[in-house]
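The values are calculated or read from the model by the stated rules, or taken from the named source; none is laboratory data. Bear in mind the structure is a predicted one, so any value in this text is a computation, not a measurement. For neighbour counting, all protein chains shown are included, and Cβ atoms are generated from backbone atoms with ideal geometry for every residue, glycine included. Ligands, DNA and RNA are stripped out before the accessible areas are found, and what is left, the full protein with its side chains, is counted by its heavy atoms. Shrake-Rupley method; radii C 1.70, N 1.55, O 1.52, S 1.80 Å.
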Amino acid sequence: MSDPTPDVFDPRPWRRLPPAAVAAMRPQLPDLAREIIAAIRVEVPAYARPLEGPFGRGLVVGVEEALRQFLDGIESGGAMPRSRVYVTLGRGEVRAGRSLDVLLAAYRVGARVAWRRFSAGGVAVGLEPETLYLLAESIFAYIDELSAKSAEGYALEQSAAAGERRAQRQRLARLLLRDPPADPLDVEEVARTAQWKLPASLAAFAFPEPESERIVPRLPADAIVDTVGDVVCALLPEPQRPDLLGKLQHAVGPRHVAALGPPVAWGDAALSLARARAVLELAAEGAAPDHGVLDAADHTTALLLRSDRRLAQELVRTRLAPLAELAAGPRARMTATLAAWLAEQGRLQPVADRLHIHPQTVRYRLGRLRELFGEQLDDPQRRFELELALRAEGAFDLVDAAVG
């Protein structure tokens, strides 16, 4: 008889069980398998269903294989149980949408029922108490090994499913950003596969590709991402939600730049991306801040002027022609004064405050502007065109930086 008392901790105590233990247990296997399955279906609600299809086959095979391998392991001197069945069971729980805890609960039920039957059989054939103690330890140590194998399978399937879902969502983002738009039926099919509900509205969030590794993990979990040229685009569902801008600012950080396109229907995602990319280009040209999250809605005028550069340059050339012949210094001062006067709707003191100069200086400059522009300053349409030309020229930046 094997010595049931180990000198050190043994992770596989069943290899010290005597052959007499196997002889007492093996005749019970058919009835024991049915009893375990019945107990699992009663005590584990997720398994309280007919034993049909892959579920039924998996449960029956898993129980019968576990019992057979346990006894074979004792007879073979403690060989490790073959893991394929239990890794597969773990993978199957992910595919079935169940938690790993459900399967582990079934293992515990099986271990308890097996111990009750095996111990009763051992007592009936006169196994010594020390052997019965070792049998109990062996059953639960064996279940620990099966649990570890199933946990491994569960983790592998989760990882594979997450990778597949990421790939499908990237494909969906690419499809949504296609210009001209993709067939809506194709988009809806890929969205179902990617497990991403098409929203009533979305917005494109664009940032330089080198920042991808840092920003993408910080984006909201429902964002779907693809790389388009030299920018990364995240499509954000329901962009009007109040907490979104704060999350995006945290993701980007204070020293980097990203742009948020306008909310659009999902079929117009390419338009939102185009606006976001245009804002990034404004930032690169110095016509918008070069850090933080830039909302396209805050740069509408600049985007409008930028949409036809030649027309904007023509507007600057024709409407600001009276300033063109001034020397550089006077031209900068008069340009800033004109921009401030238009912004403040002709109010003298606010113009002086904005430019940090004396009101009398403002009067002098306004007199000079009237000499240069004449009746244009009294015509609403001309004033509007002058403001557009000044914005295209970046003159309002001069106002913000102006000193007396």
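Would you mind finding the one in 19, 45 that is open to solvent by 70 Å² or more (accessible area, probe 1.4 Å) and in contact (Cβ under 8 Å) with a residue 40 or more places away in the chain?
19
For residue 90, all conditions in the list (1) within 31 Å of the chain's Cα centre (by Cα); (2) open to solvent by 10 Å² or more (accessible area, probe 1.4 Å) hold save one; what is the number of the exception?
Going through the list (1) within 31 Å of the chain's Cα centre (by Cα); (2) open to solvent by 10 Å² or more (accessible area, probe 1.4 Å), residue 90 breaks only (2).
Quick one: in region 98-114, of everything that is more than 18 Å from residue 49 (Cβ to Cβ) and surrounded by fewer than 17 Cβ atoms within 10 Å (Cβ to Cβ), which residue is farthest from the chain's Cα centre (by Cα)?
My answer is 112.
Looking at region 374-387, which of the residues that are open to solvent by less than 40 Å² (accessible area, probe 1.4 Å) and in contact with a Lys or Arg (Cβ under 8 Å, 6 or more places away or on another chain) is farthest from residue 288 (Cα to Cα)?
377
Taking the condition of being within 48 Å of the chain's Cα centre (by Cα) and either open to solvent by less than 70 Å² (accessible area, probe 1.4 Å) or among the hydroxyl-bearing types (Ser, Thr, Tyr) (or both), how many residues in region 352-368 meet it?
So the answer is 1.
Can you tell me which condition residue 158 does not meet? The list is (1) without any contact (Cβ under 8 Å) to a residue 24 or more places away in the chain; (2) surrounded by 13 or more Cβ atoms within 10 Å (Cβ to Cβ), and all the others hold.
With respect to (1) without any contact (Cβ under 8 Å) to a residue 24 or more places away in the chain; (2) surrounded by 13 or more Cβ atoms within 10 Å (Cβ to Cβ), residue 158 is out only on (1).
Which condition from (1) of a type outside the set (A, V, I, L, M); (2) farther than 27 Å from residue 23 by Cα; (3) in a helix (DSSP H, G or I) is the one that residue 147 breaks?
(2)
In region 195-213, which residue that is open to solvent by 70 Å² or more (accessible area, probe 1.4 Å) and more than 16 Å from residue 169 (Cβ to Cβ) is modelled with the highest pLDDT?
200
Could you check residue 209 against (1) in contact (Cβ under 8 Å) with a residue 60 or more places away in the chain; (2) in contact with an Asp or Glu (Cβ under 7 Å, 6 or more places away or on another chain) and say which number it fails?
(1)
Do you know which of the residues in region 329-338 that are open to solvent by less than 70 Å² (accessible area, probe 1.4 Å) and not polar (S, T, N, Q) is farthest from residue 370 (Cα to Cα)?
Going through the qualifying residues, I end up with 329.
What do you reckon, is residue 61 in a helix (DSSP H, G or I), without any contact (Cβ under 8 Å) to a residue 40 or more places away in the chain, open to solvent by 80 Å² or more (accessible area, probe 1.4 Å) and hydrophobic (A, V, I, L, M, F, W, C)?
It is false that residue 61 is in a helix (DSSP H, G or I), without any contact (Cβ under 8 Å) to a residue 40 or more places away in the chain, open to solvent by 80 Å² or more (accessible area, probe 1.4 Å) and hydrophobic (A, V, I, L, M, F, W, C).
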